[in-house]
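Structure first, commentary second.
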Amino acid sequence: MRIAGLPAKSRRRLLTGGLAAAMVAATGLPAQALGRSGGRLVAGLSGGAAADSWDGRSHDGLFMQAVSHGAVHDCLTEVAADGTLRGELAVGWDASADARDWRFELRPGVRFHDGTPLTATDVVASLSRHRTGSPMAPLLAEMQALEAASPGAVRIALREGNPDLPYLLSDPHLVIQPEAAPASGIGTGLYRVAVFEPGARFVGRRVAEHWKDGQAGWADEVEMLALDPLSARLAALRSGRVDVIDGLGATDAVRLAASADRRVIDVAANPEPWRMALSDRVGAPAQVGALGAMDSARFAERWWVG
């Protein structure tokens, strides 16, 4: 597995993921992990900032990753809740024998929230923005060619072979946005923007007749609040203001785990445990994975209220 030249965060995710990069899930979540539709999921998250925007290059805090990557936008590929890699906006991909030349076939019939169809030019424009000012710039620098092979396919030619390219394209920064309106909050994800207050609050409402129906997007509405420090998130969880919080330390995790109406989920093992706490009204897939923010940012579409 070649990881030289990638940002430290990406290297850590690769090491944590282990063999997940080589695994592809052909269908959705396991039957036992399917959720309950309806209701409203509210989360208190770390990492909000007044400068937050829809520019995927700057999505470093969990708040904006969960809003963008976890609700409004999709990537070409995604790491599923069980840790496997599968297509998201891409339905399949092929590579040359040396893993240098790649072709990604796009999912047919996908439309942005404003009704415009997704095309290969949107994908090329979205990825090309990361050539500068992005943690993913080293990956884009490896691309000698990034072009629309057809309206429904994208070709990527690398300087050196890299069999992990489909996995790397699931990074939360690499969300796909309309070529004509990249910073508008228009995506192809399960939730369209109803309210967005940078660094403070997001409300998303479920998109009707989405291609992920029956696999994800259980809540009718999701709300995310940027709450720092951790004490503010803990207070919000204890009062019932929110259903989910992130960033628990070991001591708080032990205390909450002992509570009858709350539980703690470890969502990362390397370089150290990273934890989220859930109220007893929240359901989650049986296996959440161990990929840190790359996986936990998708909780808004994967978890449910009951």
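The values are calculated or read from the model by the stated rules, or taken from the named source; none is laboratory data. The model shown is predicted, which means the values in this text are computed figures rather than measured ones. Neighbour counts are summed over all protein chains in view; Cβ atoms, including those assigned to glycine, are modelled from backbone coordinates with ideal geometry.
Figures for the structure shown
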item: Matching strands (runs of 3 or more DSSP E) fully within region 168-248 where at least 2 residues are out of contact with any His (no Cβ under 7 Å at 6 or more places or on another chain) and among the aliphatic types (A, V, I, L, M); result: 191-197, 221-226, 244-248
item: Residue selected from region 254-279 under the condition outside any strand (DSSP E or B) and either within 22 Å of Gly199 (Cα to Cα) or within 24 Å of the chain's Cα centre (by Cα) (or both), by the criterion modelled with the highest pLDDT; result: Pro273
item: In region 65-90, the residues that are closer than 14 Å to Val123 by Cα and among the β-branched types (Val, Ile, Thr); result: Thr77
item: Extreme residue, modelled with the highest pLDDT, among residues of region 163-183 that are more than 18 Å from the chain's Cα centre (by Cα) and over 17 Å from Gly92 (Cα atoms); result: Glu179
item: Every residue from region 14-38 that is modelled with pLDDT of 95 or more and buried (at least 17 other Cβ atoms within 10 Å of the Cβ); result: none
item: Members of region 117-132 found to be in a helix (DSSP H, G or I), of a type in the set (Ser, Thr, Tyr) and surrounded by 15 or more Cβ atoms within 10 Å (Cβ to Cβ), listed by number; result: Thr121, Ser126
